[in-house]
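Data first, discussion second: the structure below is written as structure tokens.
The values are calculated or read from the model by the stated rules, or taken from the named source; none is laboratory data. This one's a predicted model, so the numbers in the text were calculated from it and none came from an experiment. All Cβ positions, glycine included, derive from the backbone under ideal geometry; neighbour counts span all protein chains shown.
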Amino acid sequence: MTAVFLGVVTTIVVTGWIAILHPISAPSNTTLHRRTLDDRGVLYSYRRGRGMEIWLITPVTGSDGDAIRPEFLHDLVHRVGIEDFWATTPRGQVRTVVAAGWPSRCLMAGGLGPSGAMPTWQRGLGVGSASERVLPTSPIPSGFIANTIFYAILWGLGVIVFVHLRGKWRARRGYCARCNYPIGHLDACIECGAPVHARPAVVH
Ligand SMILES: [Zn+2]
């Protein structure tokens, strides 16, 4: 349970750190992927660092205000997993979607705003005077579970290695590997009963 708790905390902390580290706007050398949405609009996507993906959805000029519906964004809706957010992107507006986390994207933020300006965040907390960074607040369930398991395993392995090394250090100094009671050269700990495995060789 402790490992799962640490996994959840680490997932959130790492994602927050990734989000704070990277502004939303694309630097000039960023590769923008452009996809036309059935002559209703355009979907741009790009990455910031290893742990952040950003999508910009823009209806084409002259299209209906409710031009871009979820059915044109199947893969994005599937990945981010929040359908109700996708009802419409009004003409003249840009919908920004941010997914952050590593190794999987696990929290998302979304906002709406005029082209060329930072969005008003509807999911997520804008950070900085121009909200050019955002702390995402909506979980992406599959990614959140995957990251929690990943970090829980790392914590578990870390604790196993730590306990093993600590036991070796204690035994080398003549203390019980389990409870740190001084035991000298006895075969078992007189405090906790733990058998003594790693006793330093006695030179005669
Ligand atoms: Zn002991």
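Is it the case that Pro195 is loosely packed, with under 12 Cβ neighbours inside 10 Å, over 29 Å from Leu6 (Cβ atoms) and within 16 Å of the ligand (Cβ to nearest atom)?
yes
Does Trp102 fit the bill of being modelled with pLDDT under 90 and of a type outside the set (Val, Ile, Thr)?
On the way: modelled with pLDDT under 90: no; of a type outside the set (Val, Ile, Thr): yes.
Taking the combined requirement at face value, the residue does not satisfy it.
Kindly indicate whether Leu107 is without any contact (Cβ under 8 Å) to a residue 12 or more places away in the chain and under 24 Å from Ile12 (Cβ atoms).
Spelling it out, it is not the case that Leu107 is without any contact (Cβ under 8 Å) to a residue 12 or more places away in the chain and under 24 Å from Ile12 (Cβ atoms).
Hey, Gly167 hits all of (1) more than 12 Å from the ligand (Cβ to nearest atom); (2) within 29 Å of Val8 (Cβ to Cβ) but one; which does it fall short on?
Condition not satisfied by Gly167: (1).
With the checklist (1) modelled with pLDDT under 90; (2) of a type outside the set (Phe, Trp, Tyr); (3) away from the ligand (no atom under 11 Å from the Cβ); (4) surrounded by fewer than 16 Cβ atoms within 10 Å (Cβ to Cβ) in hand, flag the one item Ser131 doesn't pass.
If we test Ser131 against (1) modelled with pLDDT under 90; (2) of a type outside the set (Phe, Trp, Tyr); (3) away from the ligand (no atom under 11 Å from the Cβ); (4) surrounded by fewer than 16 Cβ atoms within 10 Å (Cβ to Cβ), just (4) comes out false.
Looking at (1) surrounded by 15 or more Cβ atoms within 10 Å (Cβ to Cβ); (2) free of Cβ contacts under 8 Å to residues at least 12 places away in the same chain; (3) assigned to a helix (DSSP H, G or I), can you tell me which one Ala171 breaks?
Every condition holds for Ala171 apart from (2).
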